[in-house]
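To start, the structure under review is shown below, and the notes come after it.
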């Protein structure tokens, strides 16, 4: 029976964590699949650690001693997932907020289950999502621009490189994990560059998206866009021999 290992980076998500898990736990998977949740606390300073303590008997909890960034939390979660993962398993990234809907898990796993691809990215953009405000349109424009630049460097043809939902067959993640070093939001283009470097095909699947504002806890900043540009420029050059 294959397992979907769900890596959830968590930083100061006291307000949304339980609601998020309340959606993750019952989310349907393809027949015969099971779930394994790995929550990575990136040194939260609110009530998140107390919540995680109550979940420790049901899920795997990893702790950072200091705040290291989303990328670092994802890498910690990946490493922990791969300790138990069989080659038939898959690993998925889930944010702890309520922007993404776990009801999309089954369709995200479908390309892997059917053997069409070993890496699947969600895509927020297309007819299924229309930004309602200027701020959201600006955010979407920035993501599309970064995606186009990433495509130019990697030779891929993605529409949403920055989407949180990324799913990997376990053997692929084992191969690229040593290539990942980004601690913050630069992890997204870095993962994409690593996938391109090892020659894996990526299939995109439309997913639902309900963006939150900075006031509601969104943590990405304009400076993270600059970090993404840096990673896109350098790719995974000089890392385990990949890149150009």
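The values are calculated or read from the model by the stated rules, or taken from the named source; none is laboratory data. This one's a predicted model, so the numbers in the text were calculated from it and none came from an experiment. So basically every Cβ, Gly included, is an ideal-geometry build from the backbone, and we count neighbours across all protein chains shown.
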For this session: Could you list all residues from segment 149-173 that are assigned to a helix (DSSP H, G or I) and either touching a strand residue (DSSP E or B) at 6+ places or on another chain (Cβ under 7 Å) or within 24 Å of residue 4 (Cα to Cα) (or both)?
Result: 170, 171, 172, 173
For this session: Name the one entry in 215, 199 that is assigned to a loop (DSSP other than H, G, I, E, B), out of contact with any strand residue (DSSP E or B) (no Cβ under 9 Å at 6 or more places or on another chain), at pLDDT 95 or above and surrounded by fewer than 16 Cβ atoms within 10 Å (Cβ to Cβ).
Result: 199
Problem set entry | Set 146, 108: member being within 19 Å of the chain's Cα centre (by Cα) and either at pLDDT below 95 or not in a helix (DSSP H, G or I) (or both) | 146
Seminar exercise, completed: Those strands (runs of 3 or more DSSP E) completely within segment 1-91 that have 1 or more residues that are surrounded by fewer than 19 Cβ atoms within 10 Å (Cβ to Cβ), at pLDDT 95 or above and within 19 Å of the chain's Cα centre (by Cα) are 34-41, 60-63
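This table checks each residue for (1) at pLDDT 90 or above; (2) surrounded by fewer than 22 Cβ atoms within 10 Å (Cβ to Cβ).
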| position | (1), (2) |
| --- | --- |
| 158 | yes, yes |
| 162 | yes, no |
| 171 | yes, yes |
| 185 | no, yes |
| 207 | yes, no |
| 220 | no, yes |
| 240 | no, yes |
